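Read the structure below first, then the notes.
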Amino acid sequence: MSEAPPTTRPVAPQHAFDVPSLEAWMHQRLPAFDGVLEVAQFKGGQSNPTYLVSAGGKRYVLRRKPPGKLLQSAHAVDREFRVISALAGTKVPVARAYALCEDESVIGTPFYLMAYVPGRVLRDPQLPGMTPAERRTIHDELNRVIAALHGIDHVAVGLGDFGRTGEYIARQVARWSKQYQASATETIEAMDNLIAWLPTNIPAADETRIVHGDFRLENVIFHPHEPRILAVLDWELATLGHPLADLAYHCLAWRIPPGAFLGLAGVDVAALGIPTEREYVAAYCARTGREAIAERDWEYYLAFNLFRLAAIAQGIMARALQGNASNADALTVGRGARPLAELAWRQVERLKLS
């Protein structure tokens, strides 16, 4: 399989910026930069607008904060730049980070530049067109990389102060409750129920590792021919946190049906060669040297992440209605807030009965 061309489109009017200003900045910051700058916008992504920047036969990727009114602490491109810089040379593959610009006068919002990594971006976890053996190796590589991330000593790579340690889930529940309430466009009873129940039922076990926050198939680049990840993308939500909460978010694919969020629920994964959720979690535990996860704790982490995903979807909906969403499908994704919240609350109700 050859490298697919970048999935780009002309820059959306709401995300346009001063290209000559960027070109002048790049000439100052990148000694090897030369040529006339061309800019296109990637089609994917729901948060920070992402662009393919080309000149002189070289390609770069630019990530920036979106314009407009933003929720507090959201779209932290400086944190993205810091974490991919810190992870360079570790067992977690990342794109090379070139430069960060926090001067809003250059293109209107802060941004950073990283290397363009050619390869495959796979979106559907059912991996259509592949053999069962190919699907299994792709999912196993995802498992290997998230296990590697959670095995990194955050202090040793210079991320000791990348976030607070301890009580990650309590802080996350509070944060996403506020984010949801700040971007709410309708009343969702299930979200109100979750906001009340989640803080008082957090599992006792607490740990701190680097967490990606949005680790999923669509956020990695695979080698053009091999089942090998070349770069993990979209580090906007990365921080120090609980590794099992991060893993549970990644495993939501097995709990969400196919559709806008590309899940595997109801799919005959065994026939496709894809591991079951239980097999996948067991492989992670083996790689990280962890004992089996208590079932009730695991179900809580999943419910928490469905709530978190619903809050993220609501934020996307709010940006779509304001007209500054990064993705043309933002309204479709945003409408997922209610069904995700209701799925999370049904899971909580099952937990309450167990």
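What are the residues in region 173-202 that are crowded, with 18+ Cβ neighbours inside 10 Å and not small (G, A, S), if any? Matches in region 173-202: V173, W176, Q179, Y180, I188, M191, L194, I195, W197, L198, I202.
Inspect region 238-251 for any residue being part of a loop (DSSP other than H, G, I, E, B) and either of a type in the set (K, R) or under 21 Å from M130 (Cβ atoms) (or both) and give the result as yes or no. No, that holds for no residue. For region 217-236, residues that are without any contact (Cβ under 8 Å) to a residue 60 or more places away in the chain and buried (at least 17 other Cβ atoms within 10 Å of the Cβ) total 1. Residues in region 278-307 that are of a type in the set (A, V, I, L, M) and surrounded by fewer than 21 Cβ atoms within 10 Å (Cβ to Cβ): A282, A283, A286, A292, I293, A294. When region 159-178 is limited to residues that are of a type in the set (A, V, I, L, M, F, W, C) and in contact with a strand residue (DSSP E or B) (Cβ under 7 Å, 6 or more places away or on another chain), the one that is nearest to G315 (Cα to Cα) turns out to be F162. The criterion of being over 21 Å from the mean Cα position of the chain (by Cα) and not in a loop (DSSP other than H, G, I, E, B) holds for Q181.
Residues that are touching a Ser or Thr at 6+ places or on another chain (Cβ under 7 Å) and part of a loop (DSSP other than H, G, I, E, B) within region 259-272 comprise just one, A260.
Pairs, please: C-beta under 7 Å, at least 6 apart or cross-chain, first residue under 25 Å from A292 (Cβ atoms) and in region 254-278, second among the acidic types (D, E)? Close Cβ pairs satisfying both conditions: W254/E277. Scanning region 9-51 for residues that are of a type in the set (A, V, I, L, M), under 14 Å from Y112 (Cα atoms) and surrounded by fewer than 19 Cβ atoms within 10 Å (Cβ to Cβ) returns a single hit, L30. Restricting attention to region 168-197, the residues that are over 15 Å from N305 (Cβ atoms) and of a type in the set (F, W, Y) total 0.
When the residues of region 203-259 are filtered to those that are farther than 16 Å from F304 by Cβ and either charged (D, E, K, R) or not assigned by TED's automatic domain parsing to the domain that holds I146 (or both), the one that is nearest to the chain's Cα centre (by Cα) is D234. Taking the listed residues E104, E80, the one that is among the charged types (D, E, K, R) and in contact with a Lys or Arg (Cβ under 8 Å, 6 or more places away or on another chain) is E80, with no other qualifying. The helices (runs of 4 or more DSSP H) found wholly in region 280-354 and carrying at least 3 residues that are over 26 Å from H242 (Cβ atoms) occupy 295-322, 330-334.
The single residue among D192, D234, D206 that is at pLDDT below 95 and within 22 Å of A337 (Cα to Cα) turns out to be D234. If you go through region 172-224 and keep only what is touching a helix residue (DSSP H, G or I) at 6+ places or on another chain (Cβ under 8 Å) and under 17 Å from W235 (Cβ atoms), you end up with Q172, R209, I210, V211, H212, G213, D214, F215, R216, L217, V220. With respect to being of a type in the set (A, V, I, L, M), surrounded by fewer than 20 Cβ atoms within 10 Å (Cβ to Cβ), in contact with a Pro (Cβ under 6 Å, 6 or more places away or on another chain) and not assigned by TED's automatic domain parsing to the domain that holds K91, L264 falls outside the description.
The values are calculated or read from the model by the stated rules, or taken from the named source; none is laboratory data. Here the structure is a predicted model, which is why all the values come from computation and not from measurement. For neighbour counting, all protein chains shown are included, and Cβ atoms are generated from backbone atoms with ideal geometry for every residue, glycine included.
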